[in-house]
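The values are calculated or read from the model by the stated rules, or taken from the named source; none is laboratory data. Keep in mind that this is a model prediction, so the values were computed, not measured. Virtual Cβ from ideal backbone geometry, glycine too; neighbours counted across all protein chains shown. Side chains are part of the model used for accessible areas, which takes the heavy atoms of the whole protein and leaves out ligands, DNA and RNA. Shrake-Rupley method; radii C 1.70, N 1.55, O 1.52, S 1.80 Å.
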Number of protein chains: 2
Amino acid sequence: MTYCVGLLLDGGLVMLSDSRTNAGVDHISTFRKMTVWEKPGERVIVLLTAGNLAITQAVVGLLEEGIENEDGEGGETMETVPSMYGAARLVGAALREVYRVDGESLNAQSTEFNASFILGGQIKDRRMRLFQIYSAGNFIEATDDTPYFQIGEHKYGKPILDRVATHRTSLVGGAKLALISMDSTLRSNISVGLPLDLLIYRKDGLAVSLHRRIDEDDAYFNDIRQRWSESLGKAFGELPDPDWLAACQPEGAKA
Amino acid sequence: MTYCVGLLLDGGLVMLSDSRTNAGVDHISTFRKMTVWEKPGERVIVLLTAGNLAITQAVVGLLEEGIENEDGEGGETMETVPSMYGAARLVGAALREVYRVDGESLNAQSTEFNASFILGGQIKDRRMRLFQIYSAGNFIEATDDTPYFQIGEHKYGKPILDRVATHRTSLVGGAKLALISMDSTLRSNISVGLPLDLLIYRKDGLAVSLHRRIDEDDAYFNDIRQRWSESLGKAFGELPDPDWLAACQPEGAKA
């Protein structure tokens, strides 16, 4: 399983993935469930993947090699595609190509065609965008109202995002939020695991601001996990008791 | 959808269910996804249900009417079954009976035979127990290591339980914990909704200590939801920034 989250903030993008399975295909720079295409000053495109690894690797492979885009032009890659919208369509086209080749065999073996993606980035002179792409190749875009997407094992880490994330969240705040959301997922689901890949892209920077591999020894991540746990315990302990629970207190026991 | 949680604590049981669909069959006392069989001084048995409503209602109906138990004796009901273990087996037997009658038709219409249950209670001179029963009628029992069960839309509300719940949690603490776990679920999943049914059973009390319908106007629930949200926001805001994020601060921008 996998947990990935991407945030589209006023100040830039935050992308975070776990790495419990060994995904990843090597090209410009690849993290296990995060693939980055970067040409400093010209484009940064980040793809997070979840689902059947054979499918997601095949998709990434096609995006590296070049495929026919929806205008019928061949050889388009993530390095040549002219817009983020075009990049999202290219991921969709790659998925459909993989489905065309493998779909029937997978179906014959009752294996679900299961793959999902978060795609974020910016190309020079265009706006920064964030998409979620489904296994059918269709996609949706993040907006100010819904500034984040999650794929994989997303439910454990959703409540804190729902409570805190807005498009006005700072980049540093967004990185912390993604890490706390990941922490909840790591605690509740053994199939999501360290190390993590964290990438921060500052709007209009046209270069990756930060990417960091976070493992068991990462002092900062361990520190905020610990603090968060203590804060939750403390906050919980400070919640008042209701009057109507008095009957259940040992002191007030009726029987 | 549904979210139900049951906690087996040293001091007693806490059972909480939402009520977004209209479930519930009337007998001794019934809440929408919570059915209670109570004979004060003799037994308290509480059943929480999730899944296909036609199946869960049929199961509750059989448990009221009486069915053949696994010893081949007919007419056993939740009011006559001699032990909590027997009660769990009776729920399993009822499920299998419903499957025998309806399973083929459901299957023919590609409808999953989907039902799950949390069963808790105590019968005189026996210990208090908590079970989770699967759609195949098999079941597991809560222990000191894993003192709670969830059914339905359980992931959103699991992280806080994982962090806080132990068998030593007080009954009042358990009730608050169940409510906070429910709050996270309510916020993140529109298919889980108020009102809630909260039941507290104090160990060896052999009578329901408290059951309460909690709706939109419940001052206490609204108060702790608000406090919890504020505490989380505050705790999140107090998390320190890492040194390695300095590059992403507007002040420290490199490009």
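For A:ALA207, indicate whether it is touching a strand residue (DSSP E or B) at 6+ places or on another chain (Cβ under 9 Å) and within 7 Å of chain B (Cβ to nearest Cβ). Yes. Within region B:122-150, the set of residues being assigned to a loop (DSSP other than H, G, I, E, B) and β-branched (Val, Ile, Thr) comprises B:THR143, B:THR146.
Only one of the listed residues (B:SER229, B:SER181) is among the polar types (S, T, N, Q) and surrounded by fewer than 23 Cβ atoms within 10 Å (Cβ to Cβ). That residue is B:SER229.
Taken as a whole, the condition of being within 9 Å of chain A (Cβ to nearest Cβ), more than 15 Å from B:LYS158 (Cβ to Cβ) and open to solvent by less than 10 Å² (accessible area, probe 1.4 Å) applies to B:ILE200. As an exercise: evaluate A:LEU245 against (1) facing chain B (nearest Cβ under 10 Å); (2) open to solvent by 10 Å² or more (accessible area, probe 1.4 Å) and give the number of the one condition it does not meet. With respect to (1) facing chain B (nearest Cβ under 10 Å); (2) open to solvent by 10 Å² or more (accessible area, probe 1.4 Å), A:LEU245 is out only on (2). Close Cβ contacts (under 6 Å, 6 or more residues apart or on different chains) running from residues in region B:64-90 that are at positive phi to residues that are surrounded by 13 or more Cβ atoms within 10 Å (Cβ to Cβ) and part of a loop (DSSP other than H, G, I, E, B) comprise B:GLY66/B:THR77; B:GLY75/B:GLY66. Scanning region A:116-126 for residues that are farther than 17 Å from A:GLY51 by Cα and either crowded, with 23+ Cβ neighbours inside 10 Å or in contact (Cβ under 8 Å) with a residue 40 or more places away in the chain (or both) yields A:GLY120, A:GLY121, A:GLN122, A:ILE123, A:LYS124, A:ARG126. Of all residues in region A:159-175, none satisfies being touching a residue at least 12 places away in the same chain (Cβ under 8 Å), surrounded by 23 or more Cβ atoms within 10 Å (Cβ to Cβ) and of a type in the set (Ser, Thr, Tyr). Of the residues making up region A:144-155, those that are within 23 Å of B:ALA235 (Cβ to Cβ) and either in contact (Cβ under 8 Å) with a residue 60 or more places away in the chain or surrounded by fewer than 23 Cβ atoms within 10 Å (Cβ to Cβ) (or both) number 4. Annotation note: of B:SER29, B:SER83, B:SER17, the sole residue that is open to solvent by 10 Å² or more (accessible area, probe 1.4 Å), modelled with pLDDT of 85 or more and under 24 Å from B:LEU171 (Cα atoms) is B:SER83. Determine if region A:108-115 includes at least one residue that is open to solvent by 10 Å² or more (accessible area, probe 1.4 Å) and in contact with a Leu (Cβ under 6 Å, 6 or more places away or on another chain). Checking region A:108-115: at least one residue is open to solvent by 10 Å² or more (accessible area, probe 1.4 Å) and in contact with a Leu (Cβ under 6 Å, 6 or more places away or on another chain).
Going through region A:210-242 one residue at a time, which ones are part of a helix (DSSP H, G or I), within 8 Å of chain B (Cβ to nearest Cβ) and of a type in the set (Asp, Glu)? Hit for region A:210-242 is A:ASP223, nothing else. Screening B:GLU141 against (1) more than 11 Å from chain A (Cβ to nearest Cβ); (2) crowded, with 21+ Cβ neighbours inside 10 Å leaves a single unmet condition, (2).
Pull up region A:160-185, narrow it to residues that are aliphatic (A, V, I, L, M) and more than 10 Å from chain B (Cβ to nearest Cβ), then point me to the one that is farthest from A:ALA50 (Cα to Cα). Taking the candidates together, the pick is A:ALA165.
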